[in-house]
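Engineer: Mind looking over this structure? Questions follow.
Laboratory data are not the source of any read-out in this text; all were calculated from the coordinates shown. Treat the numbers as computed from the prediction; the structure is a model and nothing was measured. As a convention, Cβ positions derive from the backbone with ideal geometry for all residues, glycine included, and neighbour counts pool all protein chains shown.
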Amino acid sequence: MNDDLNLKELSRIYHAAKDIENPSPPAITHAIDLFPKRSHHIRWHRGYAFAIAAALIVLLCLFVSVRLALEANPNTLLYQLKRTSESARIALASSPQERLELHLLFAEERIEEGSQVTNDPYAALVALDEYKKELAQVSALINAQDDDAVNQSLAMVVDELGDNAVELTELAQDPPGQGHTLLYRQVVQAMESTQAVLTMTAKKEMRTKPFNAVKAVTCVEFEDAEMEEFASAEPGGEFDEYEDAWSLLPIQFKRDCQ
Amino acid sequence: MSILATSLKYRAQTPESHHSQITPSNADLIQRCENGDQRAWGELVHRYAWLVYSVPCRAGLNETDAEDVMQNVFRILFQKLPTLRDPSRLGAWLVTCARNETINQLRRSHPTSTLADELVASNNNLHGIEEQDLLRKAIGRLNGSEKIIVVALLENPEISDAELAAKTGLKQDSVRAVRGRALRKLKETLSQMGWRV
């Protein structure tokens, strides 16, 4: 046959190889393991390293922006971010009492912003408008919730809004951009909103804590020096006697409460 | 018809692309390895494990040392993958690398022996080692009775049809048919693998 010569050559090659066995399966597996573990590991870690680095950069930028925004006023670019972060805090609040406290805190912040932008009446207008919105939320929470915790916070509402009333008085006397009619009207409206919430709180407090109610009303009547002194007093102090406090209340308010 | 002629006819009818789909080239496998394909590396190891392992075995190393040499060679291959210039000559490259690692292993495990120096001096025992590897692989692709007949023929090219019939349990007429078919397949497979004998 034509293939005989080929077969002899193949036979020679075959005999040269036949005595050598294959390497053991574990040895082959070990050789295969040289590649995947190392390569797979590197790729896996590389992918995660990029993802983690990107996430850290985003978090860092967010953190820096929020920190800068905390100091922002209505005439700065970061003010909207500040308001958004405040809204997020309110949305994440776990109870009506916590939401009430946050709205009070942010209301105070708005007045502070208004007094800081003395050279920009329009920014002050925005701040006071936002103040009224915060007070509307406070009012809604006090009205809507028959929550014990909220009721327990009414004393705090009185204290905070009393402070706000004092600061608004100062703003009314020396508003930013003096002579700006629109701004003056906004300050007056803010004061009226504060008085309305204080009166509402006083009426609610009258049933259980008359001293707080009296204090709330006196905050509204801040023209009278004696009443202002009374407003700043703490229970157990000089004006602890309920009768004394009651005698100071306006007659109409007493009628409303009875 | 001669086996060679049959082989040429088969090659003419079989596009190269078809062949490469069945058995990817070294270049394809290396490219896939560089892209992180674990299976491509596994295929490379399986393809050349015996070739690499046989080098230290021929030099007289025991099974453990020979497997150590094999690990080292594949470790080096893995490191050199991105810089390999001619993937079609990977077999020869691995044989040379295995020979060098065998010499190193001999010097480590038998420092007083002259085996390493003898291996350095003579390269003859590695001649044709790639062809031996191809032949083993080609035989491995044959089916049951074809493989029995081809192995028997390679053991003894003068074996009679009667003896083949006794080994396979086939009739002598059938043995002739299977023998012809098996040798054709062997030749075709070798040809596809780049056999140059």
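Engineer: Can you tell me the Rg and the Dmax, both Å, for the Cα atoms in segment B:55-181?
Structural biologist: For segment B:55-181, the Cα radius of gyration and maximum Cα-Cα distance read 20.0, 59 Å.
Engineer: Please give the peptides A:186-197, A:69-80, B:66-77 ranked by average Cβ packing (other Cβ atoms within 10 Å per residue), highest first, as a rough proxy for protection.
Structural biologist: On the way: A:186-197: 20.0, A:69-80: 15.6, B:66-77: 22.4.
Taking the mean over residues of other Cβ atoms within 10 Å, the ranking is B:66-77, A:186-197, A:69-80.
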